[in-house]
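For reference, the structure is listed below as structure tokens.
The values are calculated or read from the model by the stated rules, or taken from the named source; none is laboratory data. The shown structure was predicted, so the numbers you read here are calculated from the model rather than taken from an experiment. Here the Cβ positions follow ideal geometry from the backbone for every residue, glycine too, while neighbour counts run over all protein chains shown.
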Amino acid sequence: MRPVKFDIDQLGMRHRSARPGQPAALQRLSLRIDSGEQLAVIGPSGAGKTTLLQLLSCALPPTTGAFTIDGVAPWALPRRALQRLRGRLFLAPQVPPLPPRQRVVTSVLAARLPAMGTWASLRSLFYPDDIPAAFAALERFDLGEKLFERVDRLSGGERQRVGLARALLAPAKAWFVDEPLSALDPTRAQQAIATLTEGARERGVTLVASLHQVDVALAHFPRIVGLRDGQLAFDLPAAAVTREHLARLYDQFEHELRGEGLAPPQEPATPVPVAMQCR
């Protein structure tokens with residue numbers, strides 16, 4: 001399965017729940033992401049980072065503009081073809097949708113479900129069939145000893161790393177990872193993002209991550225996209241991003257640029273799954 005590339009042209013996205021007069025979540029956004037590329041999306045809270053990842057993963061349709069994957073408009077595909085395409089895309093939300101009473105091994109191996117038939121999927125939920133692969137993925141995030149632990153006995157940071165370990169087993173050629181470090185301390189955050197980017201390179205996977213940690217984004221990603229108020233502020237190589245770029249991007253949100261005022265690592269509430277827009 002070859003990597004996929006994404007083209008966005010003058011795209012707008014308005015959530016159905018948006019109030020009248022409220023600005024669109026994304027506005028006149030144009031972006032191209034080549035196969036196997038790695039980029040980080042940064043910007044203050046409410047910039048549209050999560051919405052962009054949901055759109056790229058075909059969880060939400062655009063309101064205006066053009067969006068294609070490998071030259072094909074996904075929302076023009078028949079329903080089954082769209083579902084098959086989604087199986088090639090892995091979306092990791094900030095709070096991983098891990099069933100609380102499930103064993104970690106089962107949660108990790110569930111990443112393979114899009115490539116399984118119905119009976120194989122059901123069987124895997126009760127009888128994990130590739131425990132060594134699950135252990136290897138967890139071990140890369142220093143979680144090998146949690147293989148048979150129940151999810152509800154993990155800390156918030158451990159759950160977040162389990163969510164990242166799932167990417168290593170997913171039959172996907174593009175990973176979209178939303179705020180993967182929000183529950184991790186600085187040392188764990190650096191380790192986790194290094195493991196994630198290395199895993200993507202090994203598999204030739206396209207990787208897009210939204211990050212509040214600007215220093216981590218600049219250190220680990222060759223391309224940085226800055227979003228502000230749903231619009232593209234800049235799209236630059238990491239080495240070309242200056243203090244002036246960041247000052248303008250985080251104007252009136254300087255506390256976020258300094259890492260202040262962000263939610264501290266904590267136990268997440270019961271995960272809420274990302275709602276896919278069905279058709």
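Quick notes
- Residue 176 modelled with pLDDT of 95 or more and in a loop (DSSP other than H, G, I, E, B): no
- When region 145-166 is filtered for residues that are touching a helix residue (DSSP H, G or I) at 6+ places or on another chain (Cβ under 7 Å) and of a type in the set (Gly, Ala, Ser), the ones remaining, listed by number, are 157, 165.
- Whichever residue in region 128-141 is at pLDDT below 95 and either assigned to a loop (DSSP other than H, G, I, E, B) or on the phi > 0 side of the Ramachandran plot (or both) and, among such residues, is surrounded by the fewest Cβ atoms within 10 Å (Cβ to Cβ): 129
- Any hit, region 71-84, residues being over 20 Å from the mean Cα position of the chain (by Cα) and on the phi > 0 side of the Ramachandran plot: yes
- Only one entry of 209, 165 meets the criterion of being part of a helix (DSSP H, G or I) and at pLDDT 95 or above, and that entry is 165.
- Scanning region 88-122 for residues that are farther than 24 Å from residue 157 by Cβ and modelled with pLDDT of 90 or more, we see that the one that is nearest to the chain's Cα centre (by Cα) is 89.
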